Amino acid sequence: MTVHRSTKRRLAGATAVVLAAMLTATACGGNDDGKKDGEAKSSATGFNAGIDKVSNPSDKKGGELKFVGTQDADSWDPQRGYYGFMWDFARYYTRQLVSFKPAPGSGSVELVPDLAAGKAEISDGGKVYKYTLKDNVTWEDGSPITAQDIKYGIERTWAQDVIAGGPVYLQQTLDPDKTYPGPYKDTAPDKLGLQAIETPDAKTIIFKLPKPNGDFEQMLAMPAASPVKADKDTAAKYGLKPFSSGPYKIDSYEPKQSMKLSRNPSWKPESDPIRKALPDTISVTFMSNADDMDKRLMNGEFDLDINATGIGQAARATALRDHKANLDNGQTGFIRYAVFPQTVAPFDNVDCRKAVIYAADKKSLQTARGGPQAGGDIAPNMLPLGIKGSDAKYDPYGALQNDGKPNLDKAKEHLAKCGQPNGFKTTIAVRNNKPVEVATAVSLQNALKQVGIDAQIDQFDGAQTSGIIGSPKVVKDKGYGIIIMGWGADFPTGQGFSQPLVDGRFIQQSGNNNFSELNDPAINKLFDDAIAETDPNKAGEIYKQMNQKVSEAAVYLPFVYDKTITWRSTRLTNAYTTDAYNGRYDYASLGVVK
């Protein structure tokens, strides 16, 4: 992947004014839950109408659903994409053996058959999963989707040298020793040489796990388990125009500019009770200015933000005052944080890392994120609420004490321990198209100055994440000692949230998410123990131990348990947030009033 050099910017000035403005904006909540002129005449619309219930329910088809965003996907290739909004959106043109139930809130985490005719036949102590495909599932050219197509699509996950960046759970689970080279190096004539998956006929697929994994079907619900037709596979270019197995097909795509989708005439609605497929067309517009995007959303030019990062600080007060009935304020399931790559000095020293954690002003970071309402509650550790094993009271560094203010004495104590009593210089890496992340970088920069740590801020191209901060070599070469990022669960377990972040076996040379490069055998073993545990509560106790060891390693500085104030246009129908997609709307269920 091409790596674009980012522009290094010093952002020290006027921060107090910026943060004060954010506090003012978040304080202006407004108190009018009633409907404004031009809003949909539905009893379901209103503030938080899309939280745990359906706003403006309708089965009416037609019209154009208009998405907008400041961030393009890392890739639209189902095996390569890893952004949460991409996973939600990809269901327009991909299907899986199983998928999440189309339901609000916690009801969405139930897995239901999609391409499969029914639930898996599980045998051999949880090591064998057998599925039979439905009769009437087809590609956009009308040809049937086969078990071999599903196997081939999954095999692409192994080709990290060609399509790096996507989740590797299936690879880790089915082939932990990495004996399979991937389909592009497969010597079998049909390129289906992965022995852990058998396809005895076109409608039968059998997975043979080396050892049980209680989350295996969660992995099959990811886009990474989508079928790919081998003769339509364009390898590294596949993300530019994936071949559709879903209700829509991609007509055009200009990276960082726009995407257009129209109905897939070969999709059979009777085979797919999950996707409503209400709009006639779907468009996505990408723009660089987040404030302009918010204004255009409120002006009715677009229906919703595909990135689902929430109304920004500049527009928040206006949105809450004048358009409150168009807003939902819910938990996203994300943690926003800073992470310290251990390959970049002096963060190879645990005490230098602890010094940053203690020096950070957690209240200021929360304010930079948007305050308690638009940003979320201060997070004391790195396991989000709702996942078994999480504990909101576990506060190893006192983040919740003294109203989140920094502990400068502790910070100086650890600076002395790491041989840097007068502080040190480092660089904070942050995506250039995420103003709220830049604001948190500025907050952290100012707090660190109080103990002599000089942190420059480098804004990199957010569309190149997997090739910049996702490359351990680039991180080390650029001297990125601190990376600002966020993460939501791939599926709602400790494995689904934490493993890509802290299991050393998940470190990749491109598309890496274990930015700290933490590789502790004790932590890795705890994952193995929890994954093998069939009792979710017992697994949760193991994940609790894992989280404590991660905290002791001091490679993360959590900011907040994320919340957003999300816009839904008056035109939107069937709008509801889902736990399965980290608090986003269920994109596949949305419709519009023409």
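Of the residues making up the stretch 292-301, one or more are in contact with a Leu (Cβ under 8 Å, 6 or more places away or on another chain) and either under 20 Å from MET86 (Cα atoms) or not basic (Lys, Arg) (or both).
One residue stands out in the stretch 429-452 among those that are more than 19 Å from ASP562 (Cβ to Cβ) and aliphatic (A, V, I, L, M): the one that is farthest from the chain's Cα centre (by Cα), namely VAL451. Only one of the numbered conditions (1) open to solvent by less than 60 Å² (accessible area, probe 1.4 Å); (2) under 30 Å from ALA290 (Cβ atoms); (3) at pLDDT 95 or above is not met by LYS434, and that is (3).
Among the residues of the stretch 373-411, those identified as part of a helix (DSSP H, G or I) and not hydrophobic (A, V, I, L, M, F, W, C) are GLN373, GLN401, ASN402, ASP403, GLY404, ASP409, LYS410.
Of the residues making up the stretch 91-124, those that are β-branched (Val, Ile, Thr) and in contact (Cβ under 8 Å) with a residue 40 or more places away in the chain are THR94, VAL98, VAL109, VAL112.
Of all residues being surrounded by fewer than 22 Cβ atoms within 10 Å (Cβ to Cβ) and among the hydrophobic types (A, V, I, L, M, F, W, C) in the stretch 507-522, which is farthest from the chain's Cα centre (by Cα)? Just the residue, please. Looking at the filtered set, the residue picked out is ALA522.
You will find that of PHE491, PHE497, the residue that is open to solvent by less than 10 Å² (accessible area, probe 1.4 Å), outside any strand (DSSP E or B), under 15 Å from TYR169 (Cα atoms) and modelled with pLDDT of 95 or more is PHE497 and no other. Screening LYS237, LYS191, LYS211, LYS232 for residues that are surrounded by fewer than 21 Cβ atoms within 10 Å (Cβ to Cβ), among the basic types (Lys, Arg) and closer than 29 Å to ALA539 by Cα leaves exactly one candidate, LYS211. When the stretch 320-340 is filtered for residues that are modelled with pLDDT of 95 or more, part of a strand (DSSP E or B) and more than 13 Å from LEU557 (Cα to Cα), the ones remaining, listed by number, are LEU327, ASP328, ASN329. Taking THR426 as the residue in question, decide whether it is at pLDDT 95 or above, assigned to a helix (DSSP H, G or I), under 24 Å from ASP348 (Cα atoms) and polar (S, T, N, Q). The answer is no for THR426. THR343 meets the conditions (1) in a helix (DSSP H, G or I); (2) β-branched (Val, Ile, Thr); (3) open to solvent by 20 Å² or more (accessible area, probe 1.4 Å) in every case but one. The failed one is (1).
The values are calculated or read from the model by the stated rules, or taken from the named source; none is laboratory data. Quantities reported herein were computed from a predicted structural model and do not represent experimental measurements. All Cβ positions, even for glycine, are placed from backbone atoms using ideal geometry, and neighbour counts span all protein chains on display. Note: areas computed on protein heavy atoms with side chains; ligands, DNA, RNA excluded. Shrake-Rupley method; radii C 1.70, N 1.55, O 1.52, S 1.80 Å.
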